[in-house]
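The values are calculated or read from the model by the stated rules, or taken from the named source; none is laboratory data. The structure displayed is predicted, hence computed values, not measured ones. Here Cβ is always computed from backbone atoms with ideal geometry, including for glycine, and neighbour counts include all displayed protein chains. Note: accessible area is taken over every heavy atom of the protein model, side chains too, but ligands, DNA and RNA are not part of it. Shrake-Rupley method; radii C 1.70, N 1.55, O 1.52, S 1.80 Å.
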Amino acid sequence: MEDIRGNDIIKWVTMILDWSLACCLLPVFDKLFPQYSTSSAMNGTKSEMMVLLMSIVIASFMFPTVIHRRKMKLGVMMRRNALLVLVTMVFFVFTCRMMSTSGNYIVFGVVYGVILWISIMSLRVVERALINYFRSNGWNSRTILFLGNDPANLIVYNELMSDPATGYRVLGYYSDYFIDGAPDSLRRLGSKEDFHDVMDNYPNGGFAVEEVYCSISHSEADEMRQIMEFCDKNVIRFYYVPRIFSNVQLALRPEKFGDTVIFTNHHEPLLFLGNRVAKRLFDIVFSAFVLLMLSPLFPFIALIIKMQSKGPVFFKQLRTGLNGESFMCYKFRSMHVNADADRVQATRHDPRKFPFGEFMRKTNLDELPQFFNVLKGDMSVVGPRPHMVFHTEKYSALIDKYMVRHFSKPGITGYAQVTGFRGETEELWQMEGRIKKDIWYIENWSMWLDIKIIFMTTLSIVCPDKAAY
């Protein structure tokens, strides 16, 4: 309850600061940018400020702050604050238009909205730093207890302790045996029998706990039921941690199958029809726009290719796509015609490349024809990069989860490519790292993530990646 009250305080203080910031920023904005001001159309700054305050209060309850969450990524805060500001400006513009037909409210909404979003994000950084400081010093913390000696508990412990500012305080664990490799900070408090004594006398044992993480065998069903009943009775949150078998962690996620809960080892947002439709519409619009804007370059690219190397302008290659099916992938040819094109990856000083071809590879110009693959439906703008059929056959036999990457359409760019796994894979660990990134993308897909990857790819064109060759 103390944690809930502490989080409520954080939420309310954060929202009040947002409201105050929006109102204080308005008169400053009107003075600095009088050409965008709507105060004259609204009969004064006070009326303008009242409408703005009402708008941001409504938006705050639609998109409340999540800054109190203990594991919070910057991207999530940026997205939620963008939605908060967007809804605020929509309400503001709509209300102002209802009250007065004069005034350029849309321009004001765009310019002021951008400034407000930057200001709120700056405030969030300060707020998050203060929260981290207080939690590091014991305020708004959560007390945790582990049960069982399975290595899965150690993985959870390391995740919780990776950032002390999250405010988790681990008492230790109860088990008949020690956890192999556990640090000294994760103390064994006693045996299972000792924990039963704790349950019988709780909370007279000298400590209180708010969360229990349990990783014991399913054969101990009666004991697990007793532990869950104990947690429910004492308002303690219970979490079951899937055990590790033969050094393999069962990363299972729940799904509803009628009225029954089943578990799967992969979660794919693109299994939902709405997400697939949204991604496909984005692919079509974005690809058509890129081709329309850059198509005047195609004749010049074709001419230079012909001048530097004999052979066709376009390079066609069979690659592995969605569900493991092959498709013909198109590129501008960046190498001299050679017999190894379908088997050997390009290397840094590959003699098969001609000068303009090397430039195209570094700037991704050779990938432009793949937007036609996107329009055809063989590829997506963002997704795991399609590999040669030869490499699919090779690595599927060497890497356990290699074929999982084909649960999604291949992309012109991908999460692996913008996070350090681009270019030649000289060693097996490099391909394994790429596969992990691809699977992470499939299981964490969102439109926001696609836009972020496109933005990072655009930056890599301006500042070419050293691994691009």
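Number of residues in segment 325-337 that are open to solvent by less than 30 Å² (accessible area, probe 1.4 Å) and either in contact (Cβ under 8 Å) with a residue 40 or more places away in the chain or charged (D, E, K, R) (or both) equals 4. For segment 338-363, filtered to residues that are open to solvent by 10 Å² or more (accessible area, probe 1.4 Å) and aromatic (Phe, Trp, Tyr), the residue that is farthest from the chain's Cα centre (by Cα) is PHE356. Listed by first and then second residue, the pairs with beta-carbon distance under 9 Å, at least 6 apart or on different chains, first residue in segment 208-225 and surrounded by fewer than 19 Cβ atoms within 10 Å (Cβ to Cβ), second assigned to a loop (DSSP other than H, G, I, E, B) and among the charged types (D, E, K, R), are SER217/ASP150; SER217/ARG243; HIS218/ARG243. For beta carbons closer than 7 Å, sequence separation of 6+ or different chains, a first residue in segment 105-131 that is surrounded by 12 or more Cβ atoms within 10 Å (Cβ to Cβ) and a second that is among the basic types (Lys, Arg), the qualifying pairs are TYR105/ARG97.
Listed by first and then second residue, the pairs with beta-carbon distance under 7 Å, at least 6 apart or on different chains, first residue in segment 298-319 and closer than 30 Å to SER408 by Cβ, second open to solvent by 30 Å² or more (accessible area, probe 1.4 Å) and of a type in the set (Ser, Thr, Tyr), are PHE314/TYR330; LYS316/TYR330; LEU318/SER326; ARG319/SER326. Looking only at residues in segment 149-185 that are in contact (Cβ under 8 Å) with a residue 40 or more places away in the chain, open to solvent by 10 Å² or more (accessible area, probe 1.4 Å) and of a type in the set (A, V, I, L, M, F, W, C), which one is nearest to GLU211 (Cα to Cα)? Result: VAL156.
Looking only at segment 213-258, filter to residues that are out of contact with any strand residue (DSSP E or B) (no Cβ under 6 Å at 6 or more places or on another chain), at pLDDT below 70 and in a loop (DSSP other than H, G, I, E, B); which one of those is farthest from GLY172 (Cα to Cα)? Going through the qualifying residues, I end up with GLY258.
Within segment 364-407, the residues that satisfy the criterion of being more than 18 Å from GLU432 (Cα to Cα), among the acidic types (Asp, Glu) and either open to solvent by less than 20 Å² (accessible area, probe 1.4 Å) or outside any helix (DSSP H, G or I) (or both) are ASP366, ASP378. In segment 408-430, the residue that is least open to solvent (accessible area, probe 1.4 Å) out of those that are of a type in the set (A, V, I, L, M, F, W, C) and out of contact with any Leu (no Cβ under 8 Å at 6 or more places or on another chain) is ALA416.
Listed by first and then second residue, the pairs with beta-carbon distance under 6 Å, at least 6 apart or on different chains, first residue in segment 372-399 and touching a residue at least 12 places away in the same chain (Cβ under 8 Å) and more than 12 Å from LEU318 (Cα to Cα), second of a type in the set (Ser, Thr, Tyr) and part of a loop (DSSP other than H, G, I, E, B), are GLY383/SER408.
Is at least one residue of segment 303-324 on the phi < 0 side of the Ramachandran plot, touching a Ser or Thr at 6+ places or on another chain (Cβ under 6 Å) and at pLDDT 90 or above? Yes - at least one qualifying residue is present in segment 303-324. Kindly provide the set of residues from segment 408-445 that are without any contact (Cβ under 8 Å) to a residue 24 or more places away in the chain, outside any loop (DSSP other than H, G, I, E, B) and not basic (Lys, Arg), ordered by number. Of everything in segment 408-445, those that are without any contact (Cβ under 8 Å) to a residue 24 or more places away in the chain, outside any loop (DSSP other than H, G, I, E, B) and not basic (Lys, Arg) turn out to be THR419, TRP429, GLN430, GLY433.
Can you name the residue in segment 431-444 that is over 16 Å from the mean Cα position of the chain (by Cα) and among the charged types (D, E, K, R) and is also least open to solvent (accessible area, probe 1.4 Å) among such residues? Here the residue is ARG434. Under the condition of being out of contact with any Leu (no Cβ under 8 Å at 6 or more places or on another chain) and modelled with pLDDT under 85, the residues counted in segment 158-192 number 9. Could you count how many residues in segment 170-191 are touching a Lys or Arg at 6+ places or on another chain (Cβ under 7 Å) and either part of a loop (DSSP other than H, G, I, E, B) or of a type in the set (D, E, K, R) (or both)? Within segment 170-191, residues that are touching a Lys or Arg at 6+ places or on another chain (Cβ under 7 Å) and either part of a loop (DSSP other than H, G, I, E, B) or of a type in the set (D, E, K, R) (or both) number 3.
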